[in-house]
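Below is one structure, written out as structure tokens; the observations come after it.
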Amino acid sequence: MALHCPECGFANAIGANYCQKCGAFLAVAEGGANHETTATYRIGETGEIEPVQLDQVVARGAALVIRSGGGRAGESFAIDGERLTIGRRPDSDVFLDDVTVSRDHALLVRRGDDWYLDDCGSLNGTYVNRARIESHRLQDGDELQIGKYKLAYLSR
């Protein structure tokens, strides 16, 4: 028996949280046994991995959480200030070290009370909920794809 993806129909192994083909979340029917979640963490000032309760991150405001890519699933980034740079440049606020990510790939910008994701002319494009974007107002639960990385945007 397999768990079929609601987006693409791919037959995934029982117990999978995300589709192996398209990355969509595989919701479990009520009463299902799949209640595991990805652990959330951040990299501390010393370079050590520090566990983080996602509720604590989101309580202070919006956050990005890597869902997949680069072996960094669960890493979280609190979104504060007025802008957040995303790219392969080591001094980016969200540093994604892979050739599929441009040096200056995307920018999160606060406009009024909302956060917008703007593509910075990246070669591979920036996607929100599987649609290529130039600029997009983010909503809680949006899935961002930057290169091979998939991130979730979470807000209060």
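Some values worked out for this structure:
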{"read-out": "Gain on full stretching of the segment that runs from Arg137 to Asn124 - 0.36 nm per residue minus C-alpha separation", "value": "2.7 nm"}
{"read-out": "Relative contact order %, the stretch 112-152, counting alpha carbon pairs below 8 Å whose residues are six or more apart", "value": "36 percent"}
{"read-out": "Karplus-derived 3J(HN,Hα), 6.51/-1.76/1.60, for each residue of the stretch 90-95, Hz, glycine and proline x", "value": "x, 8, 5, 4, 10, 8"}
{"read-out": "Linear extension gain, Ala11 paired with Asp91, 0.36 nm per residue minus alpha-carbon span", "value": "24.8 nm"}
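All of the numbers you see were taken from the coordinates with simple rules; none came from a lab. Keep in mind it's a predicted model, so treat the numbers as computed, not measured.
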